[in-house]
Ligand SMILES: Nc1ncnc2c1ncn2[C@@H]1O[C@H](COP(=O)(O)OP(=O)(O)O)[C@@H](O)[C@H]1O
Ligand SMILES: [Mg+2]
């Protein structure tokens, strides 16, 4: 790789001519190849957030319970008893398209490191997945690889995977989304940060050895896909979850001592971003001696080592008198440990290799002069309201179709491949409640965890869609009885250089911000993934649906008070919230009419909050046997989900409202909850007293008299039929030959 | 009952096991490191679940050669009780302390869900909390739980009553339809000849608390305490 | 010296992986495929110059660790 | 005709399995072991009598299914 460093090469590295001019100005000379590499990854979209930073600043990030908001490796919130929950979500979209298994697996590995690097033991993983159409021949392979990869990594490290979400849409055909979230627990007084300190302190490398993995992955993660994607293949990284497990145990053991001054995982752009960020945050300089870096391959250059994305590595600054303690711990866990540098007072990063200075860059300008773009935005034209839509199939047939549709069908095929019980603290497993519930070991505290986003809403109206995603996460936590605390997000969008995409981004973020404020639900960490688009052979590009995935975290003082969504016999079913029959962008419209049309349902954040606070209080009072929010598919789908989960039928008794039945049953009006209670009338009285619309929908079957879903018309849909329709999609799509049996 | 739990690199269910044992004994189990060569005085050694050495090569193969396994073997030969769950079961078969082997699940996918187990042999230290024919629920979480052994071994296991548990349905029916992973004869757990070593794939230790969905796994631990209380 | 150890399931031990591969190949239109067996190969770099010794060491490794004689057979060969 | 396809990770791609096996062999006293690479082998029975055709079909299968060209390479050989 003996290329002259010039503007042409800079462009290949993803730097614009202006950005390159700025590099020249900072350096006062042409940069070396290694320096160019460092600039290009640090100034990539992935590391610098150059298109999104201006908007991200508008998100609310504080609350009395927030300990660390965005800016650290992960967000930190107070969950009581001196403990903190540390959590974050991150994408591995492009790698998962190129190599679904390794792409998804290393995505899980990366987000785990962001969390345990702060001193937290990871206790739960979630994943938000978007795949192309099931009709696309490539989709099956990607689903298979992604699900195996997430399971392969998470199961091996022994962190339970407890939740997530999955959508299918042709907009993701060439660009699936794999967003992984990890939640960990630490003592509030034992949280580790990444700002380096202490001139002369040793810089220590631990974990796996460095190879030529994923060189330029960070810039690749910011470049749109085209046929060249094939040529970029060798940049795929292979994960080693076994080493990750050892790394978790070794780091947590070391964190019991006072040896660590600062610590940071080596994520995208590996050694470069970790060393630059640690030194930059601490306002110190850093000298690295690459000859000391543990290497897996022979003849690696400085450029390659600085940009390698080999997995399962961490960088630490240690107290000099504690390096032996640290080394002994890493040796016990059979991990590489090497002192590869020291902190200096130069304010520069200086990289030496084989007796030569390969890079010498002032850290201040590298960080402060990172590009920041206020890219032009164009608004998305608002959708006309839907006119009246007919019901060509009838309520029963539509319900069966909806519960069996790819976006609504049982996800058991997926979660059955994820170890959801390891740790012995999983109170509600996937499918059992609107949010997963995990107890904090040794306490009664329960954490409620969910991921949510409805991309078709965001595509139709990004502001409403952004608010809706936050509101749905809040609602899902609330429906278990938990107090929502904070969110992490993963903002997946197309090419920010296109005004209409940037418009979606800006609007979605403003909708999110509005909802976060209204619901006291700040953003404490997150990730942005742009350039999610595919170039077709004819040169046109297809963007993904704008997908601001939200990961929500809530807390229960006593995990035993959490409620699930399974209906039980002999209960009244009460609907909280207003039903207007909004069919725009509904699943019904798509599955029955094949249309994605109209505006999304409006989000009334005041009502949302009032309803949620009411529901949470009822759950806290012990009045609620089961609770489920109304989302995709509307009211009847939500009822069917409760009935299926509890294997309990229900007779629905709903007076004609003047609304078309299909609009009533399948409209996706927001801010609604279904509560199964002993005394429906008392609940309704309490709701009315609080100024909240509530209505009894029916009564669940008596014990032992399981009839199915009985509609007001008298028609009955047996639970067996619903369950069969619900269970069918994934196994038939993914394992059409059936499992190989003896 | 003094219990020790062996931690190998990659073990990940040692804390689940410690919690279950603590619930039954009221005392803390000792954590043992795979490189230890001597065991403290113990009534029970447990090899817990996980992915020892990443489950690379074959599940349990590398752990079976760990230094501590020499001590575990002597402990078993001297009549000590050993329990291996999931990866622990795989290690015990790889070490030759239990017959047979555990292959990739027949469906080739990792399986994580609750299963039902029918108790095949009562009255052992491990199963005295149940009667033969009892059915209990336990989570399973494995990619390689497909129990195989040659015909003579299977016949001997049957003939000598060394099958501990079989995968069944809630009513105790055992057939191909209740076999999650292809195991020969739906075998989920087996005993050594002296009935003092037990290996099983599912995780009773993850079902000992009503909050986690039930206490079906508790009789195993309560029974051990009764049998081995020193 | 480089040695290769190939480990296959014994005759008679059911090989679901092989079966699944065979099935998938049929689906892809490779109708000529009959029985399929899947196995493992381990390539070892040995600090050893004598072929015979290299082979016997590799066999020892296979017996100790690389193969499980309850279910598997192995074959060792010298590569270079 | 029987064909064997051997699939190995590409040069430079991390091989966690090979690394762990090498480590275990050292612990077991096989100190002469250097680099270890782990791979897969697939033996196929083909309804085909021509060696050349068998080989080229096996290669097609490897490209389509048996090997993951992003990270793996393969070699096909006729057994009998
Ligand atoms: N990728 C996944 N991994 C694990 N669990 C999942 C995944 N996708 C969905 N689930 C689980 O399936 C259930 C239903 O998901 P979803 O329909 O998105 O729920 P809701 O609409 O209530 O948010 C939830 O328990 C969710 O956590
Ligand atoms: Mg959801």
* Asked: Which numbered condition trips up residue A:727, out of (1) surrounded by fewer than 19 Cβ atoms within 10 Å (Cβ to Cβ); (2) closer than 24 Å to residue A:611 by Cβ?
  -> (2)
* If residue A:90 satisfies every condition in (1) over 19 Å from the mean Cα position of the chain (by Cα); (2) closer than 17 Å to residue A:214 by Cβ but one, which is the exception? -> (1)
* Residues being out of contact with any strand residue (DSSP E or B) (no Cβ under 6 Å at 6 or more places or on another chain) and more than 12 Å from ligand 2 (Cβ to nearest atom) - total across the range A:470-480 -> 1
* Asked: Of the residues that make up the range C:17-28, is at least one farther than 28 Å from residue D:10 by Cβ, assigned to a loop (DSSP other than H, G, I, E, B) and at pLDDT below 95?
  -> no
* Answer yes or no as to whether residue A:320 is farther than 30 Å from residue A:104 by Cβ, surrounded by fewer than 16 Cβ atoms within 10 Å (Cβ to Cβ) and more than 16 Å from ligand 1 (Cβ to nearest atom). => yes
* Of the residues that sit in the range A:446-469 and are away from ligand 2 (no atom under 16 Å from the Cβ) and in contact with a strand residue (DSSP E or B) (Cβ under 6 Å, 6 or more places away or on another chain), which one is nearest to residue A:381 (Cα to Cα)? -> A:447
* **the range A:75-96, residues that are surrounded by 24 or more Cβ atoms within 10 Å (Cβ to Cβ) and not in a strand (DSSP E or B)** => A:92, A:93, A:94, A:95, A:96
* Asked: Residues of the range C:3-45 being more than 30 Å from residue C:61 (Cβ to Cβ) and more than 10 Å from chain D (Cβ to nearest Cβ), which ones?
  -> C:23, C:26
* Can you find a residue in the range A:154-161 that is surrounded by 24 or more Cβ atoms within 10 Å (Cβ to Cβ), within 16 Å of ligand 2 (Cβ to nearest atom) and more than 18 Å from residue A:436 (Cβ to Cβ)? -> no
* Structure fact -> By residue number, the members of the range A:547-561 that are buried (at least 24 other Cβ atoms within 10 Å of the Cβ) and more than 13 Å from residue A:528 (Cα to Cα) are A:551, A:552, A:553, A:554, A:556, A:559
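Conditions (1) over 17 Å from residue D:42 (Cα atoms); (2) without any contact (Cβ under 8 Å) to a residue 12 or more places away in the chain; (3) buried (at least 18 other Cβ atoms within 10 Å of the Cβ), marked per residue:
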residue	(1), (2), (3)
C:24	no, yes, no
C:31	no, yes, no
C:64	yes, yes, no
C:74	no, no, yes
C:80	yes, no, no
* To do: Only residues that are surrounded by fewer than 16 Cβ atoms within 10 Å (Cβ to Cβ) and modelled with pLDDT of 95 or more: list them for the range A:55-74, please.
  => A:57, A:58, A:62, A:64
* Structure fact -> Going through (1) outside any strand (DSSP E or B); (2) more than 14 Å from chain B (Cβ to nearest Cβ); (3) within 29 Å of the chain's Cα centre (by Cα) one by one, residue A:569 fails only at (3)
* In the range B:184-213, which residues are surrounded by 24 or more Cβ atoms within 10 Å (Cβ to Cβ), within 12 Å of chain A (Cβ to nearest Cβ) and in a loop (DSSP other than H, G, I, E, B)? -> B:202, B:203, B:207, B:208
* Condition test on residue A:158, is it within 19 Å of residue A:429 (Cα to Cα) and more than 14 Å from ligand 1 (Cβ to nearest atom)? -> yes
* Yes or no: residue A:387 away from ligand 2 (no atom under 16 Å from the Cβ), out of contact with any strand residue (DSSP E or B) (no Cβ under 6 Å at 6 or more places or on another chain) and assigned by TED's automatic domain parsing to the domain that holds residue A:598? -> no
* **Leading residue by the ranking (farthest from residue A:641 (Cα to Cα)) among those in the range A:412-447 that are within 11 Å of ligand 1 (Cβ to nearest atom) and in a strand (DSSP E or B)** => A:437
* **Scan of the range A:104-124 for residues that are within 15 Å of ligand 1 (Cβ to nearest atom) and within 13 Å of another protein chain (Cβ to nearest Cβ), ordered by number** => A:105
* Asked: Which one of A:451, A:478, A:464 is away from ligand 1 (no atom under 16 Å from the Cβ) and under 21 Å from residue A:548 (Cβ atoms)?
  -> A:464
* Report whether or not residue C:3 is within 14 Å of residue B:57 (Cβ to Cβ), modelled with pLDDT of 95 or more, in contact with a strand residue (DSSP E or B) (Cβ under 8 Å, 6 or more places away or on another chain) and not in a loop (DSSP other than H, G, I, E, B). => no
* **Selection status of residue A:234, at pLDDT 95 or above and within 29 Å of residue B:54 (Cα to Cα)** => no
* Can you work out which of the residues in the range A:334-345 that are surrounded by fewer than 21 Cβ atoms within 10 Å (Cβ to Cβ) and more than 13 Å from residue A:271 (Cβ to Cβ) is nearest to the other protein chains (Cβ to nearest Cβ)? => A:334
* **Per-region count, the range B:25-72, residues closer than 19 Å to residue B:86 by Cβ, touching a strand residue (DSSP E or B) at 6+ places or on another chain (Cβ under 9 Å) and crowded, with 17+ Cβ neighbours inside 10 Å** => 22
* Please work out if residue B:152 is part of a loop (DSSP other than H, G, I, E, B), modelled with pLDDT of 95 or more and more than 14 Å from chain A (Cβ to nearest Cβ). => no
* Structure fact -> Of the listed residues (A:424, A:442), the one being within 14 Å of chain B (Cβ to nearest Cβ), without any contact (Cβ under 8 Å) to a residue 40 or more places away in the chain and more than 25 Å from the chain's Cα centre (by Cα) is A:442
* Asked: Any chance the range B:31-45 includes a residue that's under 15 Å from the mean Cα position of the chain (by Cα) and either part of a loop (DSSP other than H, G, I, E, B) or closer than 22 Å to residue B:201 by Cβ (or both)?
  -> yes
* Asked: What tally of residues in the range D:46-55 results from selecting those that are touching a residue at least 12 places away in the same chain (Cβ under 8 Å), more than 10 Å from chain C (Cβ to nearest Cβ) and in a helix (DSSP H, G or I)?
  -> 2
* To do: Kindly provide the set of residues from the range A:620-634 that are crowded, with 23+ Cβ neighbours inside 10 Å and away from ligand 2 (no atom under 15 Å from the Cβ), ordered by number.
  => A:624, A:626
* To do: Answer yes or no: is there a residue in the range A:376-399 that is within 16 Å of ligand 1 (Cβ to nearest atom) and either more than 10 Å from every other protein chain (Cβ to nearest Cβ) or buried (at least 21 other Cβ atoms within 10 Å of the Cβ) (or both).
  => yes
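The values are calculated or read from the model by the stated rules, or taken from the named source; none is laboratory data. In this text, all values refer to a predicted model and were calculated from it rather than measured experimentally. Here the Cβ is made from the backbone with ideal geometry for all residues, glycine too, and neighbour counts use every protein chain on show.
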